[in-house]
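Undergrad: What follows is a single structure, and I will ask about it in a moment.
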Amino acid sequence: MKTEVVIIGGGPSGLLLSQLLNRAGVDTVILERTSRARVLARIRAGVLEDGTVNLLREAGVGDRMDREGQPHEGCYLTDDDLMVRINFYELTGKKVMVYGQTEVTADLYDAQDAIGTTIVHEVEGVVIQDAATTAPYVEYTKDGVLHRVDCRFVAGCDGFHGVSRQTIPAEKRDEFERVYPFGWLGVLSRTPPANHELIYANSRHGFALASMRNENLCRYYVQVPLTDKVEEWSDDRFWEALKMRLPHETAQNMITGPSIEKSIAPLRSFVSEPLRWGSLFLVGDSAHIVPPTGAKGLNLAVSDVYYLHDALIAALKKNNMSGVESYADRALARIWKAMRFSWQMTTMLHQFDGEDSFAAQMRKATLSHLSQSETARRDLAENYIGLPF
Ligand code: RFL
Ligand code: PHB
């Protein structure tokens, strides 16, 4: 096979990149390790930044999002019973969209089907060859048969555990990492939301988040020790822990029900540089991970795609390599700011094991300051709705 761009990974970054490139007449092949059904079964992000929403529309995949997604003008940060509303719309003129990553991915697969792009599922043993040259190729095995795709560029959209990042020689990579000493236990339930907007809750019992997908589908999280197992968390135990962390009134009025999904995810901040190695580019989770507290993971993957699609179209259609040359710097400048925001939100809202009594007072003071200072709220709002691409 021969194509212009091989995309490793058929998650949201790979699919969106393929969608934008094909619409501009650039030919792609996506290689995905699992089945489409498994990609679509992942419950992950829920909040889309303003820039993400616009790029999805531009990619021709905004219709269902605009019909079924919920624009949110604000969210709440709480500290026991103190509720601080961050009014994004008043502070920045922008909103976010509550629309699940699962739906975004489903819309992208439908759009790719309509264009008729090549997506090869259930590939094994992907190896990127000659990445440092201008004639790379990718080998993979499918149903026991070895295949080869020649191309001009390779986009590594294969997530944190993919092969793309590892293709860059270890001695050429700088990795920056912070592992947090807790995880998030997430539950999905067919119940009406506890509140009409998201609540990020700091409390003496630890962090909790009340989020949603629609009027009858909720996503809730509580901070748990990394040693906890999902099996140790019955639905009853989960609801009890959640209610202790949310403001009293919200907890009292909340409707609970059986969980339809329950999982624990560890929290980490991670960046690997460089993002480019010759003809190979790292995109999304393959290059960076943020803790979910700022709702930035998926949105950051989308801004990488924005920079890269532009660069590849210019290179392939106009023989202009300037975007390719500047991709890493442009993307990293935004990545590090989202890293900072996600780390700051995580630190402001979580209890750390073995912390001193001073730390809890700092969280309280930060939330109290937010409640009193419009400047502080504006800063948070600007970052939450997403820094410009
Ligand atoms: P993905 O979604 O991990 O997709 C990568 C794809 O590559 C495939 N793959 C390979 N394919 C071929 N060959 C290989 N060797 C391969 N290795 C891997 C995988 O099967 C997969 O289909 O990365 P992408 O596209 O960069 O998208 C990034 C987002 O998915 C991610 O940033 C967010 O989901 C992060 N994240 C969250 N972000 C938010 O903004 N808000 C959230 O609430 C939120 N919750 C989460 C999350 C991530 C989680 N993870 C990673 C476990 C909750 C969880 C549990
Ligand atoms: C979610 O709805 O899954 C969600 C929302 C906001 C976050 C993280 C997760 O910050």
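The values are calculated or read from the model by the stated rules, or taken from the named source; none is laboratory data. Treat the numbers as computed from the prediction; the structure is a model and nothing was measured. Virtual Cβ from ideal backbone geometry, glycine too; neighbours counted across all protein chains shown. The protein model used for the area step is the full one, side chains on, heavy atoms only, and it has no ligands, DNA or RNA in it. Shrake-Rupley method; radii C 1.70, N 1.55, O 1.52, S 1.80 Å.
Undergrad: Taking the chain as a Gaussian network, where each spring joins two C-alpha atoms under 10 Å apart, which residue of THR28, THR141, THR52 fluctuates the most?
TA: THR141
Undergrad: Sequence gap at least 6, Cα distance under 8 Å: using those rules, report the relative contact order of the stretch 120-173 to the nearest whole percent.
TA: Contact order relative to length: 26 percent.
Undergrad: Which values of log₁₀ I(q)/I(0), to two decimal places, follow from the Debye formula for the stretch 113-203 at q = 0.15, 0.18, 0.21 Å⁻¹ with a uniform point scatterer at every Cα?
TA: Each listed q corresponds, in turn, to -0.84, -0.95, -1.13.
Undergrad: Of THR167, THR34, which has the most accessible area with a 1.4 Å probe, and how do the rest follow in descending order?
TA: From most exposed to least exposed: THR167, THR34.
Undergrad: Show TRP277, TRP184 ordered by accessible area, largest first, where the area counts protein heavy atoms only and the probe is 1.4 Å.
TA: The ranking, largest first, comes out as TRP277, TRP184.
Undergrad: Give the distance, in whole Å, between the Cα centre of the stretch 112-151 and the Cα centre of the stretch 24-98.
TA: 29 Å
Undergrad: Average the reciprocal distances over every distinct pair of alpha-carbons in the chain, invert the result, and give the Kirkwood radius in Å.
TA: Evaluated on the chain, it is 21.7 Å.
Undergrad: Once you put a point 7 Å from the Cα of ARG268 and another 7 Å from the Cα of ARG23, both along the Cβ direction, what distance in nm separates them?
TA: In this crude label model, ARG268 to ARG23 measures out at 3.4 nm.
Undergrad: Leaving ligands, DNA and RNA out of it, rank HIS248, HIS72 by accessible area with a 1.4 Å probe, largest first.
TA: Ranked list, largest accessible area first: HIS248, HIS72.
Undergrad: Once phi is turned into θ = phi - 60°, what whole-Hz ³J(HN,Hα) does the Karplus curve with 6.51, -1.76 and 1.60 give for every residue of the stretch 298-314, x standing for Gly and Pro?
TA: Per residue, the Karplus-derived 3J(HN,Hα) values read 5, 5, 6, 4, 5, 6, 4, 4, 4, 5, 6, 5, 4, 5, 6, 5, 4 Hz.
Undergrad: Once you have all Cα-Cα distances for the stretch 221-310, histogram them in 5 Å bins from zero and send the whole-percent values.
TA: 2, 10, 16, 16, 13, 12, 10, 8, 7, 3, 1, 0
Undergrad: Sticking with this one: VAL187: net charge of surrounding residues, Cβ under 9 Å, Lys/Arg +1, Asp/Glu -1, itself excluded?
TA: Combined, the nearby Lys, Arg, Asp and Glu give 0.
Undergrad: Can you return the lysines within cross-link range of LYS94? Criterion is Cα-Cα under 22 Å, with same-chain partners fewer than 8 residues away left out.
TA: Cα-Cα hits under 22 Å: LYS296, LYS337.
Undergrad: Additional query: If you roll a 1.4 Å probe over the chain with all protein chains in place, what percent of the accessible area is carbon or sulfur?
TA: Its accessible area is 49 percent carbon and sulfur atoms.
Undergrad: Counting Lys and Arg as +1 and Asp and Glu as -1, each charge on the Cβ, what is the dipole of the stretch 249-388 about the Cα centre in debye, to the nearest 20?
TA: 300 debye
Undergrad: R0 = 22 Å: FRET efficiency of ASP353 with GLU240, Cβ-based, nearest 0.05?
TA: For ASP353 and GLU240, the calculated efficiency is 0.55.
Undergrad: Here is a follow-up. Give me a comma-separated list of calculated 3J(HN,Hα) values for the stretch 227-238, in order, Karplus coefficients 6.51, -1.76, 1.60 applied at θ = phi - 60°, integers in Hz, x for any Gly or Pro.
TA: 7, 5, 10, 3, 4, 7, 10, 5, 4, 4, 5, 4
Undergrad: How much accessible area per residue does the chain have, counting only protein heavy atoms and a probe of 1.4 Å, in square angstrom?
TA: Per residue, the chain has an accessible area of 43 Å².
Undergrad: Another question about this same structure. To the nearest 10 Å², what's ASP379's accessible area with a 1.4 Å probe?
TA: The value for ASP379 is about 70 Å².
Undergrad: Then there is this: How big is the stretch 152-247 by the Kirkwood estimate over distinct Cα pairs, in Å?
TA: Taking the inverse mean of 1/r over all distinct Cα pairs, the stretch 152-247 comes out at 16.2 Å.
Undergrad: Mean residue ellipticity at 222 nm from the helices of the chain, using -39,500 (n - 2.57) per DSSP H segment of n ≥ 4 over the full residue count, to the nearest 500 deg cm²/dmol?
TA: -12000 deg cm²/dmol
Undergrad: In whole Hz, what ³J(HN,Hα) sequence does the stretch 378-387 give by Karplus (6.51, -1.76, 1.60; θ = phi - 60°), x for Gly and Pro?
TA: Running phi through 6.51 cos²θ - 1.76 cosθ + 1.60 with θ = phi - 60° gives 5, 4, 5, 4, 4, 6, 5, 6, x, 5 Hz.
Undergrad: What translational D, rounded to a whole number of µm²/s, comes out for the stretch 1-107 from Stokes-Einstein when the hydrodynamic radius is the Kirkwood one over Cα pairs, at 25 °C and 0.890 mPa s?
TA: So the translational diffusion coefficient is about 156 µm²/s.
Undergrad: Restrict the search to the stretch 152-247; then list the trypsin sites (Lys or Arg not before Pro) that DSSP places in a loop and that have at most 15 other Cβ atoms within 10 Å of their Cβ.
TA: ARG173, ARG190, ARG204, LYS229
Undergrad: Please check: in the Gaussian network model of the chain (C-alpha springs, under 10 Å), which one of MET97, MET212, MET362 has the largest mean-square fluctuation.
TA: Comparing MET97, MET212, MET362 in a Gaussian network model of the chain, the most mobile one is MET362.
Undergrad: Given Cα pairs under 8 Å that are at least 6 residues apart, what percent is the relative contact order of the chain?
TA: Here the relative contact order equals 21 percent.
Undergrad: A further question on this structure: For the stretch 84-101, list residues with backbone N below 16 Å from a point placed 7 Å from the Cα of GLU249 toward its Cβ?
TA: Residues 84-86 qualify, since their backbone N sits under 16 Å from the label point.
Undergrad: For LYS95, what accessible surface area do you get with a 1.4 Å probe? Give it in Å², rounded to 10.
TA: Near enough 70 Å² of accessible area.
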